[in-house]
Amino acid sequence: MPHKSSRRDFLKGRAATDALGDLAADALGDAGAARPDDGAYLVRISRPAMACEFEVCLPAGQYEQGTEAALEALDVVELLEEQMSVFRTQSELSQINRLAAEGPVEVEPRLFELLELAAKLAVDTDGGLDITAGPLSDAWGFSRRQGTVPDDATLAEAMQCVGNRLVELDPPNQTVRFLRPGVKLNLGSIGKGYALDCCAEQLTADGVENFLLHGGQSSVLARGCSPEASCDHWPVGVRHPLRPDRRLAEIRLRNGALATSGSAAQFFRHEGRRYSHILDPRTGRPAEGVLSATIVGPSAAEADALSTAMFVLGPDRALEFCRSRPDLALMMICPVRRPGGIEIFSTGFQAEDLNLLEGARSTA
């Protein structure tokens, strides 16, 4: 019988076993990913969290305690939301945002590791990812879901509080400090993926080996195989960014993570121009020239974060970045001048793991 850990023990890392040392390398996700085929014989357990629906998919009849294990995993997601949400005034992240400009604030160990990962990715992507970009979302109205174009003074003021350089992490003491007032952390670009990694860790600790998880269908994580005969992967469909009722591609996820960032759902128009909710932290303005970016990577947290960063960087820099990382695969969809036309860029996939549908062609 697997050991049952409390949710607080899980956050402190005591629920993990030595066998889970490389758990972070297993995840799957994409913004606009389709679920497994409806014909698959699956048990689905879901719960709302982090402004979306989290779902655990298990092969039916394979695990006697599968439903209980899934509910325990979803309990972990709830606990993480209590810890990381900027919309909950008593969350640990909200307390950090209130206090860290006044001095160092001690951070729970696993959350500190997540902040370290975000800081590393900010450097690696030349600022394409930045968890301090919250003031920009405020300035553009996206945090209120009421898009507005800020004037130059408002944007300049917001930019004064944005940048990884303004966050000081102290690993020996596990503390974080802001180097100026007004800095705020927001884990929206990495938090769902991290929650899926933790969900997977709990399921594995409970003896569940074959499962697929998703958070809002934009971040997905897969382990083992689907219920289909002779299957060594989970098939995940990726939707067309301009026609969400159509699948554009199918990706075979083999013990991995996938995430997609796209602007199809969140944007506003002003004076005939379309403004995406994905903001470039380097300029303070909405990223342009990309419809969606899908990353398959070593962990759901990293895939989540890098899908946003690649969207910001654009195809040339994104392809260069992913080609320097053999553990990553990228599919990026960009608009062309023809109305409704798209161009697909990809790198890092094995030939059998990326299947473009309906005649779509990829530029490798």
Looking at region 305-362 only, could you name the residues that are in contact (Cβ under 8 Å) with a residue 24 or more places away in the chain and hydroxyl-bearing (Ser, Thr, Tyr)? SER307, THR308, THR347, SER362
Show the residue pairs that are 6+ apart or on different chains and have beta-carbon atoms under 6 Å apart, the first residue being within region 119-133 and without any contact (Cβ under 8 Å) to a residue 40 or more places away in the chain and under 13 Å from ILE278 (Cα atoms), the second being crowded, with 20+ Cβ neighbours inside 10 Å and not charged (D, E, K, R). none
Residue, nearest to THR148 (Cα to Cα), within region 275-313, restricted to residues that are buried (at least 22 other Cβ atoms within 10 Å of the Cβ) and of a type in the set (Asp, Glu): ASP304
Which numbered condition trips up ALA101, out of (1) at pLDDT below 95; (2) outside any helix (DSSP H, G or I); (3) touching a strand residue (DSSP E or B) at 6+ places or on another chain (Cβ under 8 Å)? (1)
Select from region 152-190 the residues that are closer than 28 Å to GLY262 by Cα, touching a helix residue (DSSP H, G or I) at 6+ places or on another chain (Cβ under 7 Å) and basic (Lys, Arg) and list them in ascending order. LYS184
Sole exception among (1) surrounded by fewer than 18 Cβ atoms within 10 Å (Cβ to Cβ); (2) over 21 Å from the mean Cα position of the chain (by Cα); (3) more than 26 Å from CYS225 (Cα to Cα) for ALA100, by number: (1)
Checked GLN160, GLN174 against criteria (surrounded by fewer than 20 Cβ atoms within 10 Å (Cβ to Cβ), among the polar types (S, T, N, Q), within 26 Å of VAL107 (Cβ to Cβ) and without any contact (Cβ under 8 Å) to a residue 24 or more places away in the chain); the one match is GLN160
The lone exception for LEU129 - which of (1) farther than 17 Å from ALA287 by Cα; (2) part of a loop (DSSP other than H, G, I, E, B); (3) in contact with a helix residue (DSSP H, G or I) (Cβ under 9 Å, 6 or more places away or on another chain) it fails: (1)
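Name the single residue that is farthest from the chain's Cα centre (by Cα) among those in region 153-203 being among the basic types (Lys, Arg) and either within 17 Å of GLU53 (Cα to Cα) or part of a strand (DSSP E or B) (or both). If you could, list the steps in order and put the result at the bottom.
Initial filter on region 153-203 (among the basic types (Lys, Arg)): 165, 177, 180, 184, 192.
Subset that is either within 17 Å of GLU53 (Cα to Cα) or part of a strand (DSSP E or B) (or both): 177, 192.
Working: ARG177: 25, LYS192: 5 Å.
The residue in question is ARG177.
The values are calculated or read from the model by the stated rules, or taken from the named source; none is laboratory data. Model, not experiment: these values are computed from the prediction. Note that we place each Cβ from the backbone using ideal geometry, even for glycine, and neighbour counts take in every protein chain shown.
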